[in-house]
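Input: a single structure, listed below in structure tokens.
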Amino acid sequence: MRKYVLTAAVVLGTPATAQADVFDSAFGRIGFAPAPLAAAGDRFNATVTDAAGNVYAAGYLVPDAAVANQVMAVAKLTPAGRLDANFGVGGVAVVDADPTNNTVEQARGIALQSDGKVVIGGVAGPAADDTDVVVARFTAGGVIDNGFGGAGTGFRKISLSTGGDQAWGLANRGEDKLVIVAARGRDGARVDRDFSFLGLTKDGTDDPAWTTTTTRLQVAGTDLNENPRGVTVAPDGKVLIGSYASAGAVTRPFIFRLLADGKPDPSWGESGVASFDLNGAAPNTSESYALGVQSDGKVVSVGYGNTGTPANVNLLVTRLNPDGTKDTSFATDGVYSYDGGRADRARNVVIAPDDKILVVGNTEVAASNADALLIKLSEDGAQESVTRADLGGTTDALFGATLTPDKQSAIAVGWQGTTAANEDAAALKLNFVAPPAPVEVEKLVEKVVTNTVTVTVPATVNKPAAPLARSSAKRTYTSGPRRLSGTVSSPTNVSKVLVRLTKGTGSACRAYQPARGAFSGRSCSSGKGFAVAYEGGKWSLDLAKKLGKGTYALEVSAYGLDGLAQSTATKARITVKR
């Protein structure tokens, strides 16, 4: 499952010379850092970086495959994308906030404090309809901090109702004080969730200076079912909260802005809340998952929605003016919509120093097959690039995102996998690239569809060079090679080379997984392979160890300059005697 392919679908929009940002080859492997935290399943939901460039990511893991029990987790990755062995245990710290075995406990928010301590927030409980808000703190070394929360445990459980309370966004709102975005679950006569925005001191106790903000939304006398999502603290200290609420078939985004003391900001929207319909008449859905603030104070909201066809969900980005009204100068009438053909969802957003917008989420490329998705927009909502990242699974997604301390790159975290039992946490690093000088597309243009120009360049692969002098011949080794290498024709037309190395046949087939340095996984009747070192027309794969005794199948293919056109694979067979 740990194969990975990063493909950049560069879409030339406005301006016509925009190009995709590039994955940082010094981070993990070609910009992708698989970070499996446990053998039984794990995810990253949120991320933040420190001044040294270290990456902290919060989510959950399942410690024991034989026991269905999730625990809240936070991992620390070095600037090179490796788990930091000096943090927690092997780079991972956990807290089990609920003693019952459950599959609902997880962290969805993360914040750093000035002394290097790490705070995570989420939910825990025995079942989805019986959860509490949980906030926990770890020392800079990844040890649970018993001085947090007031109970000597290092975490605090906050029960807002007898039902399923929710918690998503968490932020440091200044002076190490915290805000967590939550919702009271259904209980008693109350049949819908109500927002509850909690202000805590730096040590996790109730902040007496914070006005407890519990909001019950109604439209035409109907209670709305409220769903909290991301939180962002603006440069002026005001707290922006993304969310959505539904009544029947209609779901609308609600963007809150609070003053530093938790009171609704009367200069924002209507009494501190802005709402808008992105998709027209009912039935429709439009949700806000995360927010970003541009240098002029305008607020970017990202999420997704549909107009009555759940199977075709569009990724949505909108922008609000500093007073909470929709900015109709952004994209098309204030809304950018991406339709990849099936289900496309935005989960987070990063605002680059030049006010350009990086949106992360996932895109469904086929039935039961989703890839991570990154979309770059200009500051005013014009599409500049679309990047699809196949992390190696069928339910790949990116959920958290943040800037690096130098603001020249973005970190995005999420997971790769097929089911909760074998999902693995993962992180990406994308370096921002300035647009190149204007060039003419001329003969490279293959087709134009709905104002989208796709550039494609054919790529072909020669038969590999030594140690595979003839790709169609059986090659026998007395002892296994440590390096495989070869050549590529038309090297100026190739952006990357992919290799697929397998052992065995049928259900016993196993594929080489570079993240593990070993052959593993289920049957390998299909798969795209993984990128290898490529320079000057030559590719090479350095194995973790020499190939052992047996027969191996090698497939080599290449991608064109657009990252889309893939050559027919060149195949070879390798036999190792001992």
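The values are calculated or read from the model by the stated rules, or taken from the named source; none is laboratory data. Because the structure is predicted, anything quoted here is derived from the model rather than measured. Note: ideal-geometry Cβ built from the backbone for every residue, glycine included; neighbour counts use all protein chains shown. The protein model used for the area step is the full one, side chains on, heavy atoms only, and it has no ligands, DNA or RNA in it. Shrake-Rupley method; radii C 1.70, N 1.55, O 1.52, S 1.80 Å.
Taking the criterion of being in contact with a strand residue (DSSP E or B) (Cβ under 9 Å, 6 or more places away or on another chain) and surrounded by fewer than 19 Cβ atoms within 10 Å (Cβ to Cβ), would at least one residue in the stretch 131-139 satisfy it?
Taking the stretch 131-139 and keeping what is in contact with a strand residue (DSSP E or B) (Cβ under 9 Å, 6 or more places away or on another chain), we get 131-139.
Of the ones still in play, those that are also surrounded by fewer than 19 Cβ atoms within 10 Å (Cβ to Cβ) are none.
Scanning the stretch 131-139 turns up no residue that is in contact with a strand residue (DSSP E or B) (Cβ under 9 Å, 6 or more places away or on another chain) and surrounded by fewer than 19 Cβ atoms within 10 Å (Cβ to Cβ).
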Q) Quick one: how many residues across the stretch 372-419 are under 10 Å from the mean Cα position of the chain (by Cα) and farther than 28 Å from Ala111 by Cβ? A) 0
Q) Could you say whether any residue in the stretch 334-348 is modelled with pLDDT of 90 or more, touching an Asp or Glu at 6+ places or on another chain (Cβ under 8 Å) and acidic (Asp, Glu)? A) yes
Q.
Pairs needed: first member in the stretch 155-183, open to solvent by 20 Å² or more (accessible area, probe 1.4 Å); second member anywhere, among the polar types (S, T, N, Q) and outside any strand (DSSP E or B); C-beta distance under 7 Å; at least 6 residues apart or different chains.
A. Asn172/Gln113; Asp176/Gln113; Asp176/Ser114; Lys177/Thr201
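Yes/no matrix, rows are residues, columns are (1) closer than 26 Å to Ala426 by Cβ; (2) without any contact (Cβ under 8 Å) to a residue 24 or more places away in the chain; (3) in contact with a Ser or Thr (Cβ under 8 Å, 6 or more places away or on another chain); (4) aliphatic (A, V, I, L, M):
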residue	(1), (2), (3), (4)
Thr325	no, no, no, no
Asp333	no, yes, no, no
Gly341	yes, no, no, no
Asp344	yes, no, yes, no
Arg347	yes, no, no, no
Asp354	no, no, no, no
Glu364	yes, no, no, no
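Return yes or no: is Asp145 surrounded by 18 or more Cβ atoms within 10 Å (Cβ to Cβ) and more than 18 Å from Val71 (Cβ to Cβ)?
no
Please go through the stretch 296-355 and pick out each residue that is in a loop (DSSP other than H, G, I, E, B), open to solvent by 50 Å² or more (accessible area, probe 1.4 Å) and small (Gly, Ala, Ser).
Keep residues of the stretch 296-355 that are in a loop (DSSP other than H, G, I, E, B), which gives 296-298, 307-313, 321-325, 327-331, 333-334, 339-343, 352-355.
From the residues that got through so far, the ones that are open to solvent by 50 Å² or more (accessible area, probe 1.4 Å) too are 296, 307, 309-312, 322-323, 325, 328-329, 333, 339, 341-342, 353-354.
Matches in the stretch 296-355: Ala311, Ser329, Gly341.
Given Asp206, Asp277, which one is open to solvent by 10 Å² or more (accessible area, probe 1.4 Å), modelled with pLDDT under 90 and among the acidic types (Asp, Glu)? Let's see the steps before the verdict.
Values: Asp206 fails: modelled with pLDDT under 90.
The match here is Asp277.
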Q. When Cys524 is evaluated against the numbered criteria (1) open to solvent by less than 20 Å² (accessible area, probe 1.4 Å); (2) modelled with pLDDT of 75 or more; (3) assigned to a loop (DSSP other than H, G, I, E, B); (4) not β-branched (Val, Ile, Thr), which criterion, by number, is the only one it fails?
A. (2)
